[in-house]
Amino acid sequence: MRKIRKLLIANRGEIALRIIRACRELEIESVAIFSEADIDGIWLRKADECYPILSNPIQAYLDTEKIVSLALKAGCDAIHPGYGFLSESPEFARACEEAGLIFVGPRPEHIALFGDKTASKEAMKKVGLPVIEGSESAVTDKEEARAIARKTGFPVIIKAAFGGGGRGMRIVEKEEAFDELFESAVKEAEKFFGRGDVFIEKYVKNPRHVEIQIVADRYGNVVHLKERDCSIQRRHQKVIEIAPSPRLSDAVRRELYRMSAKAIFRLGYESVGTIEFLIDENDAIYFIEMNTRVQVEHPVTEMISGIDIIKRMIEIAEGDKLRFLQEELNFRGYAVEFRINAEDVQNGFFPSTGTVERFIAPGGPGVRIDSSVYDGYAISPHYDSMVAKLIVWDLDWRSAVAKARRALDEFYVEGVKTNIPLHRAIVRDPDFIEGRFDTGYLDKKLDRFNLQMQNSIEEEERRVEKIADLIRKIKTGNVDYRL
């Protein structure tokens, strides 16, 4: 077992801040890096040390050679990649190991395996997980891809073989649209992942998207931390995540836990990981992919389990054994995460950049905010539009929804547009309150939500102006505010 003394965080924003906090509790020194665009990042002021990487804003967090070199010069013995950027790069993990640094994550060979969707699908099939019918390997040739789609039967979905997050993904309802959508998917895959390889799968309409959080050590100990329901999405990008799923049969739940733990054990995987599934209207289960990193939505699992996933990830990387058995874990209540993005929902979700003039976050029992934003913070056009994660917890589902309504009504961001009005509309929707949703939920309801959002925005503007006007009058002595 090799104790980590000093850890470099190869990331930015809220996840960098989250890792710094875990390091502080583990008495590990933290080192932050930053691009020129991030010089005002609050995580730099929370870390024990911080260093610039002079490059363009995105490349700064993708430069393996500079990051590893800087870690060695700073006297670090470990690197945590967070999520995004280099977190699922087997080359980066291997470079860390070759430099004598502990990579806080799974082994490079497992990152490579699950980064290749076709290879991971075949590996999971061999260990007994059900998979969706489709191509057996990645394809780049349009004619070959069309033949596979025709054999599989439309509708099909085209997915980037070496990426995720909804990029390089297209749904093809009919054969006539295949060529255009195939070319579009390949171009997007090349842009975001450097490779245009894709694979073809049978498209399962409006399923539920459920994922299992796994924690495993190098000694063969594996536990699950229950499931998260990530069905509420827009263009395959998650918008709201819930733990556990509010409408999942006990039989399906038990099977998901059983097959996930079995697969991870048989593959000899170590670290945290998330196995993602689709569940159709008949409760048939299909493996879709595995993520070999900490997930954006990990806080909801922490809220219901009491397990600090980042700390466990670091301790496993040190060589520590899991400190609990499956039967020793106690799960309580429901947690919901709302991704608060700087975007104009009513203008096609167009990113909203600029300066956050006021950031008033909600609080109170069962409310958590993961964010690196503050008053005066500039939202950069270079990075993802997420500015905060609002996580709420309560003992039962309806109480969690009520807490979400209260917290979202408290949340106020001025200076940039956000999707808070959309979240407010969702938590008032009868189907959401009853837990009735699938991956088509948001697309079906967005037009109605738009009307509700407009009314909500106008009402909030009137309320804010009324309060501001009253404060102005009090300050100038034009109103007697005394009782």
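In segment 133-181, which trypsin sites (Lys or Arg not before Pro) are in a loop and have at most 15 other Cβ atoms within 10 Å, using DSSP for the loop call? Please report the intermediate quantities before stating the final value.
Working: sites: Lys142, Arg146, Arg150, Lys151, Lys159, Arg167, Arg170, Lys174; in loops: Arg167, Lys174.
Hits after loop and neighbour filter: Lys174.
In a shell of Cβ-Cβ distance under 11 Å around Gly168, excluding Gly168 itself, what net charge do Lys and Arg (+1) and Asp and Glu (-1) give? It would help to have the intermediate numbers written out before the result.
Numbers: positive: Lys117, Lys159, Arg167, Arg170, Lys187, Lys191, Arg195; negative: Glu188, Glu190, Asp197.
Local charge sum for Gly168: +4.
Using only Cα atoms, what Kirkwood radius does segment 18-65 have, in angstroms? Don't jump to the answer; show the numbers that get you there.
Working: mean 1/r = 0.0884 Å⁻¹.
Kirkwood radius, segment 18-65: 11.3 Å.
Given 25 °C and 0.890 mPa s, compute D for the chain with the Stokes-Einstein relation, Rh being the Kirkwood radius over Cα pairs; round to the nearest whole µm²/s.
Details: Rh = 23.7 Å.
So the translational diffusion coefficient is about 104 µm²/s.
At 37 °C and a viscosity of 0.692 mPa s, what translational diffusion coefficient does Stokes-Einstein give for segment 133-202, taking Rh as the Kirkwood radius over Cα pairs? Give it in µm²/s as a whole number.
Details: Rh = 11.4 Å.
Rounded to a whole number, D works out at 288 µm²/s.
For segment 161-257, would you read off the P(r) tail past 22 Å as a percentage of all alpha carbon pairs?
Details: 2237 of 4656 pairs.
Cα-Cα pairs in segment 161-257 separated by more than 22 Å: 48 percent.
Suppose only helical runs count, i.e. DSSP H with n ≥ 4. What mean residue ellipticity at 222 nm does that imply for the chain under -39500 (n - 2.57) per run, divided by all residues and rounded to the nearest 500 deg cm²/dmol?
Calculated from helices alone, the mean residue ellipticity at 222 nm is -11500 deg cm²/dmol.
Normalised by the residues of segment 133-202, what does the relative contact order come to in percent, with Cα pairs under 8 Å and at least six apart? Before the final figure, lay out the partial values.
On the way: 139 pairs, mean separation 30.7, N = 70.
Dividing the mean separation by the residue count of segment 133-202 yields 44 percent.
Over 19 Å between Cα atoms: which of Lys126/Lys321; Lys151/Lys174; Lys238/Lys389; Lys46/Lys238; Lys202/Lys262 fall into that group? Walk me through the intermediate numbers first.
Values: Lys126/Lys321 27 Å; Lys151/Lys174 13 Å; Lys238/Lys389 12 Å; Lys46/Lys238 29 Å; Lys202/Lys262 25 Å.
Table pairs above 19 Å Cα-Cα are Lys126/Lys321; Lys46/Lys238; Lys202/Lys262.
Given the Cα-Cα distance of Lys473 and Phe265 and 0.36 nm per residue of separation, how much length would full extension add, in nm? Show your work: numbers first, answer last.
Values: separation 208, 0.36 × 208 = 74.88 nm, distance 6.71 nm.
Gain in length upon complete extension: 68.2 nm.
Tell me the relative contact order for segment 396-483 as a rounded percent, counting alpha carbon contacts under 8 Å between residues six or more apart. Walk me through the numbers before you get to the answer.
Values: 29 pairs, mean separation 20.8, N = 88.
Once divided by the residue count of segment 396-483, the mean separation gives 24 percent.
More than 21 angstrom separation, counting every C-alpha pair in segment 6-104; what % is that? Intermediate results must be reported in sequence, preceding the final value.
Details: 1037 of 4851 pairs.
Result for the distance tail: 21 percent.
Give the residue from Ala251, Met386, Ile240 lying farthest towards the positive end of the charge dipole for segment 208-460; charges sit on Cβ (+1 for Lys and Arg, -1 for Asp and Glu) and the dipole is referred to the Cα centre.
Ala251
Would you calculate the volume per residue, in Å³, of the smallest convex hull containing every Cα atom of segment 208-460? Display every interim value, and only then the final one.
Values: hull volume 33.5 nm³, N = 253.
Spread over its residues, the Cα hull of segment 208-460 gives 132 Å³ apiece.
Of all GluC sites (Glu not before Pro) in segment 232-299, which ones are in loop regions per DSSP and have a Cβ with at most 14 other Cβ atoms within 10 Å? Present the calculation step by step, with values, prior to reporting the outcome.
Values: sites: Glu241, Glu255, Glu270, Glu276, Glu281, Glu289, Glu297; in loops: Glu270, Glu281, Glu297.
Sites meeting the loop and neighbour criteria: Glu281.
What's the extension gain from Glu414 to Asn206 if we count 0.36 nm per residue and subtract their Cα-Cα distance?
Working: separation 208, 0.36 × 208 = 74.88 nm, distance 3.53 nm.
Stretched fully, the Glu414-Asn206 segment lengthens by 71.3 nm.
Please give the FRET efficiency for Asp250 paired with Arg323, using the beta carbon to beta carbon distance and R0 = 25 Å, rounded to the nearest 0.05.
Approximately 0.35, to the nearest 0.05.
Less than 13 Å Cβ to Cβ from Val223, Lys/Arg counted +1 and Asp/Glu -1: what total charge do the surrounding residues give?
Working: positive: Lys226, Arg258, Lys262, Arg312, Lys321, Arg323; negative: Asp217, Glu270, Glu327, Glu328.
The answer is +2.
Describe numerically, in nm with one decimal, the distance between label points set 7 Å from Cα along Cα→Cβ at Phe192 and at Arg462.
So the label points at Phe192 and Arg462 sit 4.0 nm apart.
Normalised by the number of residues in the chain, what is the relative contact order in percent for Cα pairs under 8 Å and 6+ residues apart?
13
If you take every residue apart from Gly364 with its C-beta less than 9 Å away from the C-beta of Gly364, what net charge results, scoring Lys and Arg +1 and Asp and Glu -1?
Numbers: positive: Lys403, Arg406; negative: Glu410.
Surrounding charge for Gly364 is +1.
Any read-out appearing in this document is the output of simple, stated calculations on the displayed coordinates, not a laboratory observation. Since the structure is predicted, the reported quantities are computational estimates derived from the model, not experimental observations. When we count neighbours, we look across all protein chains shown, and the Cβ atoms used for this are built from the backbone with ideal geometry, even at glycine.
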